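The values are calculated or read from the model by the stated rules, or taken from the named source; none is laboratory data. None of the values given here were measured: they were computed from a predicted structure. So basically every Cβ, Gly included, is an ideal-geometry build from the backbone, and we count neighbours across all protein chains shown.
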Amino acid sequence: MPGYMITTADGSDWPVVHRGDFEAVLHPRSLECAAVEPDEDEDGGGAQGDHVFRASGALVTASWELAGVWSVHIEGAAEPGTAESIVSEMARQLGEATGQAARHHRIVD
């Protein structure tokens, strides 16, 4: 499962993104996305993370890990570049919403 970090370009903390804004800020606008409620994931264990959604057939989990880091894990991306394009768009939208330049880094496969 690919994992990524989204940070500010200068390493500073992210401004607060309120939970009510997660869908508007984190769901890639170019894709059809649907939030996943805790009782909707396939293994019956409940969705984990601050915000979980489906995009392009993949399950995307975004968590606010540290003040300056969003952690993103993507499970079930059908095409090799799908996870990268999802996270790239998430980073761009986070930057637009907060006025910060954003970077994303792949951390695990």
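Can you confirm whether ARG19 is surrounded by fewer than 19 Cβ atoms within 10 Å (Cβ to Cβ) and at pLDDT 95 or above?
Answer is no for this residue.
Do we have any residue at all in region 66-74 that's in contact (Cβ under 8 Å) with a residue 40 or more places away in the chain, closer than 13 Å to GLY3 by Cα and of a type in the set (Gly, Ala, Ser)?
The answer is yes, given that some residue of region 66-74 is in contact (Cβ under 8 Å) with a residue 40 or more places away in the chain, closer than 13 Å to GLY3 by Cα and of a type in the set (Gly, Ala, Ser).
Filtering region 29-51 down to residues that are modelled with pLDDT of 80 or more, under 23 Å from ARG103 (Cβ atoms) and in contact with a strand residue (DSSP E or B) (Cβ under 6 Å, 6 or more places away or on another chain), which residue is surrounded by the most Cβ atoms within 10 Å (Cβ to Cβ)?
HIS51
Residues checked against (1) at pLDDT 95 or above; (2) basic (Lys, Arg); (3) within 11 Å of the chain's Cα centre (by Cα):
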| residue | (1), (2), (3) |
| --- | --- |
| TRP70 | no, no, yes |
| HIS73 | no, no, yes |
| ALA77 | no, no, no |
| PRO80 | no, no, no |
| ALA83 | no, no, yes |
| VAL87 | yes, no, yes |
| MET90 | yes, no, yes |
| THR98 | no, no, no |
| ILE107 | no, no, no |
